[in-house]
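Trainee: Structure provided below as structure tokens; questions to follow.
The values are calculated or read from the model by the stated rules, or taken from the named source; none is laboratory data. No experiment lies behind these values; they were computed from the predicted model shown. As a convention, Cβ positions derive from the backbone with ideal geometry for all residues, glycine included, and neighbour counts pool all protein chains shown.
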Amino acid sequence: MKEIEFLPKTMEAEMLVDPPGPARKSIPHWFASMPAFKGGKPKVDNNGEGNSTVKMCLPFADSFGMGYIQSTWADMMVSQEDDGGLTISLSSSDPVLMDMRPETSHKIPEDFYQQEFAWHSQWIPKVPKGYSVMYTHPLNREDLPFQTFSGIVDSDGYYHETDANHPFLIKKGFTGLIPRGTPMFQMIPFKRDDWKSNVVAHDSDHYLRATKVRQRFWGGYKEMFWHKKTFN
């Protein structure tokens with residue numbers, strides 16, 4: 001099993017900020033409480049269609065457990081000013097959680113406030129040689145009132161970061177509390193393999209394999225192809 005280390009930027013970070021934890025411990029309540037089947041019981045209609053929900057979709061569910069989550073360590077109140085600008089109030093500013101960027105180098109989509117912000121990371125990952133870390137918005141968390149940008153850091157050699165700022169935007173129209181413990185971003189380590197693409201001719205066996213999976217109303221992919229992913 002590979003090992004990832006999280007290094008605190010400062011003594012204050014070590015004392016006051018919870019380190020990143022396995023992403024599976026941050027599964028949102030709306031997904032955890034979702035029934036596996038509409039109506040609560042498995043059914044199949046006259047067309048052979050089952051009533052499973054996205055809770056039964058392993059590719060979707062797997063995304064919640066990939067890698068590690070850094071969560072906020074202070075309450076964050078978002079208020080809109082009369083001129084349309086935003087005011088951000090934090091319950092604690094030590095260590096610093098986030099700040100506003102004075103300007104942005106790109107066009108912000110219209111469904112976000114026209115202001116860029118940055119999360120401050122207080123724990124820096126260190127991974128084995130040949131591995132990198134992808135930082136991204138918590139996967140499938142469109143329910144969050146912000147959108148964190150994605151980025152990749154070669155954290156096998158570069159883990160001495162002192163700024164570690166991760167840009168994010170706040171959704172237009174949102175005001176209110178972003179409570180302590182809200183997932184800020186997801187960190188997924190991966191091996192830096194070299195790849196090349198290749199286009200191949202159609203293979204009728206592919207259809208037959210897919211048909212075999214569909215011989216079950218649900219669970220075929222898990223039984224035949226799925227592999228458990230472990231992040232502790």
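Trainee: Looking only at residues in region 122-178 that are hydroxyl-bearing (Ser, Thr, Tyr) and more than 13 Å from the chain's Cα centre (by Cα), which one is modelled with the lowest pLDDT?
Mentor: The initial filter retains those residues of region 122-178 that are hydroxyl-bearing (Ser, Thr, Tyr), namely 131-132, 135-136, 148, 150, 155, 158-159, 162, 175.
Subset that is more than 13 Å from the chain's Cα centre (by Cα): 131-132, 155, 158-159, 162, 175.
Values: 131: 98, 132: 98, 155: 96, 158: 91, 159: 89, 162: 66, 175: 96.
The extreme case among them is 162.
Trainee: Which of the residues belonging to region 58-73 are touching a helix residue (DSSP H, G or I) at 6+ places or on another chain (Cβ under 8 Å), assigned to a strand (DSSP E or B) and of a type outside the set (A, V, I, L, M, F, W, C)?
Mentor: Of everything in region 58-73, those that are touching a helix residue (DSSP H, G or I) at 6+ places or on another chain (Cβ under 8 Å), assigned to a strand (DSSP E or B) and of a type outside the set (A, V, I, L, M, F, W, C) turn out to be 68, 71.
Trainee: With among the acidic types (Asp, Glu), in a loop (DSSP other than H, G, I, E, B) and surrounded by 13 or more Cβ atoms within 10 Å (Cβ to Cβ) as the only criterion, which of 163, 156 stands out?
Mentor: Values: 163 fails: surrounded by 13 or more Cβ atoms within 10 Å (Cβ to Cβ).
Of 163, 156, the one residue that is among the acidic types (Asp, Glu), in a loop (DSSP other than H, G, I, E, B) and surrounded by 13 or more Cβ atoms within 10 Å (Cβ to Cβ) is 156.
Trainee: Quick test of your reading of the structure: residue 43 fulfils all but one of (1) buried (at least 16 other Cβ atoms within 10 Å of the Cβ); (2) out of contact with any Lys or Arg (no Cβ under 9 Å at 6 or more places or on another chain); (3) charged (D, E, K, R). Name the failing condition by number.
Mentor: Status for residue 43: all satisfied but (1).
Trainee: Among the residues of region 74-114, what is the count of those that are touching a residue at least 40 places away in the same chain (Cβ under 8 Å), in contact with a Ser or Thr (Cβ under 8 Å, 6 or more places away or on another chain) and not in a strand (DSSP E or B)?
Mentor: Final tally of qualifying residues: 3.
Trainee: Considering only region 44-57, state which residues are part of a loop (DSSP other than H, G, I, E, B) and touching a strand residue (DSSP E or B) at 6+ places or on another chain (Cβ under 7 Å). Show your work before the answer.
Mentor: Filtering region 44-57 down to residues part of a loop (DSSP other than H, G, I, E, B) leaves 45-49, 51, 53, 57.
Matches in region 44-57: 51, 53.
Trainee: Which pairs do you get when a residue that is of a type in the set (A, V, I, L, M), found in region 197-212, comes within reach of a residue that is exposed (fewer than 10 other Cβ atoms within 10 Å of the Cβ) and assigned to a loop (DSSP other than H, G, I, E, B), reach meaning Cβ atoms under 7 angstrom, with the pair 6+ apart or on two chains?
Mentor: Filtered contacts from region 197-212: no entries.
Trainee: Follow-up question, since we're still on this one. Only one of these is part of a loop (DSSP other than H, G, I, E, B) and not polar (S, T, N, Q): 231, 190, 168. Name it. Give the steps one after another, and end with the answer.
Mentor: On the way: 190 fails: part of a loop (DSSP other than H, G, I, E, B); 168 fails: part of a loop (DSSP other than H, G, I, E, B).
Being part of a loop (DSSP other than H, G, I, E, B) and not polar (S, T, N, Q) holds for just one of 231, 190, 168, which is 231.
Trainee: I want to confirm something. Restricting to region 1-40 and keeping residues that are small (Gly, Ala, Ser) and in a loop (DSSP other than H, G, I, E, B), which single residue is surrounded by the most Cβ atoms within 10 Å (Cβ to Cβ)? Before you say what the answer is, go through the steps one by one.
Mentor: If we filter region 1-40 for residues that are small (Gly, Ala, Ser), which is where we start, we get 13, 21, 23, 26, 32-33, 36, 39-40.
Narrowing the set further to residues that are in a loop (DSSP other than H, G, I, E, B) leaves 33, 36, 39-40.
Details: 33: 8, 36: 14, 39: 9, 40: 9.
Top of the filtered list is 36.
Trainee: Related question: Which residue pairs have Cβ atoms under 9 Å apart, sit 6 or more places apart or on different chains, and have a first residue in region 137-157 that is under 19 Å from residue 104 (Cα atoms) and touching a residue at least 40 places away in the same chain (Cβ under 8 Å) and a second that is aromatic (Phe, Trp, Tyr) and in a loop (DSSP other than H, G, I, E, B)?
Mentor: As it stands, the answer is 137/149, since those pairs meet every condition given.
Trainee: Count, please, the residues in region 196-210 that happen to be under 17 Å from residue 221 (Cβ atoms) and either within 33 Å of the chain's Cα centre (by Cα) or among the polar types (S, T, N, Q) (or both).
Mentor: Number satisfying all stated conditions: 4.
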